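Participant: Below: one structure in structure tokens.
The values are calculated or read from the model by the stated rules, or taken from the named source; none is laboratory data. Bear in mind that the values here come from a model prediction, so they are computed numbers and not experimental data. All Cβ positions, even for glycine, are placed from backbone atoms using ideal geometry, and neighbour counts span all protein chains on display. Heavy atoms of the whole protein, side chains included, go into the accessibility calculation; ligands, DNA and RNA do not. Shrake-Rupley method; radii C 1.70, N 1.55, O 1.52, S 1.80 Å.
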Amino acid sequence: MSIELATLNGQSADRAARDQSPLAIRGMTVSYGQKPAVFSVDMTVRPGAMTAIIGPNGAGKSTLLKAALGIITPLAGTSTVFGKTVARQRDWIAYVPQRASVDWDFPTRVIDVVMMGLYAQLGLLGRVRAHHRAQALDCLARVGMQDFATRQIGQLSGGQQQRVFLARALAQQADLYLLDEPFAGVDAATEKAIIDVLKSLRDAGKTVVAVHHDLSTVAEYFDDVFLINTQAVAAGPVADVFTQENLQATYGGRLAGAQMDSLSAATA
Amino acid sequence: MTGSEFVPLSLPPSLIGICVAVACALPGNFLVLRRQALIGDAISHVVLPGIVVAFLISGVVAKLPMLLGAAGAAVVAVAAIELIRRLGKIEPGAAMGVVFTTMFAGGVLLLEKSDTSSVHLDVEHALFGNLESLIWLDATGWSSVFDIDALAGLPVELPRMAITLIGVALFIAIFWRPLKISTFDEGFARTMGMRTGPLGLALVIVSAIAAVAAFDAVGSIIVIAMFICPPAAARLMTNRLETQVAWSVAFAILAAISGYMIAGYGPLWIGFHGSVSAAGMIATMSGVILGIAAVKGPHRQRAT
């Protein structure tokens, strides 16, 4: 009897945590072919924190994000945003895809890309007014790109393109920001600009989740980590979870000894 | 050339040519950017056997059976591509190429062997249409444009193509933002709640409607050319999608008018009698425009 009660209490506490979580994933399983890319992953993101999703190449980090957002259809699993389905909470979510996932030769200007973030406000046929443009320019200014507003996007460097994507996400005025490898292939100045913006979002009470690949900056940039290698390995605050042991379990033999040494230096 | 000659003989075919060119060029902009430019090619090939079979069953060259036949052929084509891809383990592009050419060739054979001599449906017609024959005998001059009785005698292809063009333009105008956003960044579009799958399908269906409507009047060559050449040339003129679409419309109109005029009068200018196929010349002109844009266009540089 008392055991059952304890279980029930545990379940309701779990449910309450999920309902308050900016992003709660349950039993997510995705497969592209025979082998699952993501297998039965549970994840509950802490509100107001910056969480890094970490794992080796092909571990299903991006896939987990895409499945959670409904960009790809999972075999099984659900995701909720503040306790409701993603479809009902679209206005709370801003997603920054991998930079390489789009064709930067597309005929459009920097400002037009940022304006795409205002689609929820504008709708199908809403008129673009001066305050919409001002809003987009303001978002560009926050990532230091205001001088590039009328440039064709193909003329930008990789770091500048990434900043434009972040500005588009800012224009969405979301509460939950999901970023897929925002620091991949960007210059140092851009990395600093992006992390400053993300930290300012966190300090304003927003929640940030980013797929991240640079283990050496995890402790410096993030509050929580989520370790994944097809299955979830460990999750929690960086200080408790970002340990040599957990990393070894996540990366297996793929983590070189030298990398481990530099990490233990960073985490020590 | 006087009004009494131009209005009945040249005005309707020019206008039909313009409607066809613009109706195909508009969705063509998105097809080219989505790397689906060959869909236009595919549609115009696949519909031929569908239209022939529809004619053989119904016995008339009418809009509804033709559309149904074209739609049926498209479904058969999609199923055949999937089947070949799965069973033959062939890449999708190759499977598409095989199906489209085979179905078109089958359509040509069907046309040849069936008794279609009573109507203007033959191989040449399928390729080049019969733009020059779409004349307006009730017209006597420019005043006929305001004469309701004379207007009733307009070739039926003109209002048909005009309505198709309006429909295509409305689709593009209404769904401009979702089309643009999902063409650029499909994943992002989906997180905004856009149903990118149905939208992409709608774009292909709208293109198919334009192709089938145009097919009867102008044949398949011009349809294939107009889906690709004006948008591709326009892309070289600008780095903004809005401006690109405007250029593509201008190029489509330019190709239609110059192609029609050169086909009708060009041979005379250089001392030959008669004329050449207007549809063939319009398609050629769109290629010439693309060639000029490729050499002289201001935005030929590509991001690396």
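Participant: Being within 14 Å of another protein chain (Cβ to nearest Cβ), open to solvent by less than 20 Å² (accessible area, probe 1.4 Å), under 25 Å from B:A255 (Cα atoms) and under 21 Å from the mean Cα position of the chain (by Cα), is that true of even one residue in the stretch B:164-176?
Facilitator: Checked the stretch B:164-176: at least one residue is within 14 Å of another protein chain (Cβ to nearest Cβ), open to solvent by less than 20 Å² (accessible area, probe 1.4 Å), under 25 Å from B:A255 (Cα atoms) and under 21 Å from the mean Cα position of the chain (by Cα).
Participant: Ok, one more. Across the stretch A:80-94, which residue is surrounded by the fewest Cβ atoms within 10 Å (Cβ to Cβ) among those that are facing chain B (nearest Cβ under 9 Å) and free of Cβ contacts under 8 Å to residues at least 24 places away in the same chain?
Facilitator: Per the criteria, the residue is A:A87.
Participant: May I pose another question? Here are A:G70, A:G55, A:G77: which of them is without any contact (Cβ under 8 Å) to a residue 60 or more places away in the chain, more than 7 Å from every other protein chain (Cβ to nearest Cβ) and within 22 Å of A:S31 (Cβ to Cβ)?
Facilitator: A:G77
Participant: Output the number of the condition that B:I253 fails; it satisfies all remaining conditions of (1) without any contact (Cβ under 8 Å) to a residue 60 or more places away in the chain; (2) open to solvent by 40 Å² or more (accessible area, probe 1.4 Å); (3) not acidic (D, E).
Facilitator: Here B:I253 meets the rest and fails (1).
Participant: Any residue in the stretch B:183-194 that is more than 9 Å from chain A (Cβ to nearest Cβ), in a helix (DSSP H, G or I) and crowded, with 19+ Cβ neighbours inside 10 Å?
Facilitator: Taking every residue of the stretch B:183-194 in turn, none turns out to be more than 9 Å from chain A (Cβ to nearest Cβ), in a helix (DSSP H, G or I) and crowded, with 19+ Cβ neighbours inside 10 Å.
Participant: Oh, and also: If I ask for residues that are touching a Pro at 6+ places or on another chain (Cβ under 9 Å), surrounded by 24 or more Cβ atoms within 10 Å (Cβ to Cβ) and among the β-branched types (V, I, T), which ones from the stretch B:40-60 would you list?
Facilitator: B:I51 - this is the single residue of the stretch B:40-60 that is touching a Pro at 6+ places or on another chain (Cβ under 9 Å), surrounded by 24 or more Cβ atoms within 10 Å (Cβ to Cβ) and among the β-branched types (V, I, T).
Participant: Provide a single number: the residues in the stretch A:191-223 that are more than 19 Å from A:R46 (Cβ to Cβ) and either of a type in the set (K, R) or assigned to a helix (DSSP H, G or I) (or both).
Facilitator: 9
Participant: Looking at A:A136, A:A130, A:A149, which is the one that is open to solvent by less than 40 Å² (accessible area, probe 1.4 Å) and without any contact (Cβ under 8 Å) to a residue 40 or more places away in the chain?
Facilitator: A:A136
Participant: When you scan the stretch A:95-190 for helices (runs of 4 or more DSSP H) that lie fully inside it, which ones turn up with 2 or more residues that are polar (S, T, N, Q) and more than 10 Å from chain B (Cβ to nearest Cβ)?
Facilitator: Qualifying helices (runs of 4 or more DSSP H): A:158-171.
Participant: Now a separate question. Going by the structure shown, is A:L64 more than 13 Å from chain B (Cβ to nearest Cβ), crowded, with 16+ Cβ neighbours inside 10 Å and not small (G, A, S)?
Facilitator: It is true that A:L64 is more than 13 Å from chain B (Cβ to nearest Cβ), crowded, with 16+ Cβ neighbours inside 10 Å and not small (G, A, S).
Participant: So, one more: Please count how many residues of the stretch B:256-276 are among the aliphatic types (A, V, I, L, M) and open to solvent by less than 60 Å² (accessible area, probe 1.4 Å).
Facilitator: Summing the residues that are among the aliphatic types (A, V, I, L, M) and open to solvent by less than 60 Å² (accessible area, probe 1.4 Å) in the stretch B:256-276 gives 4.
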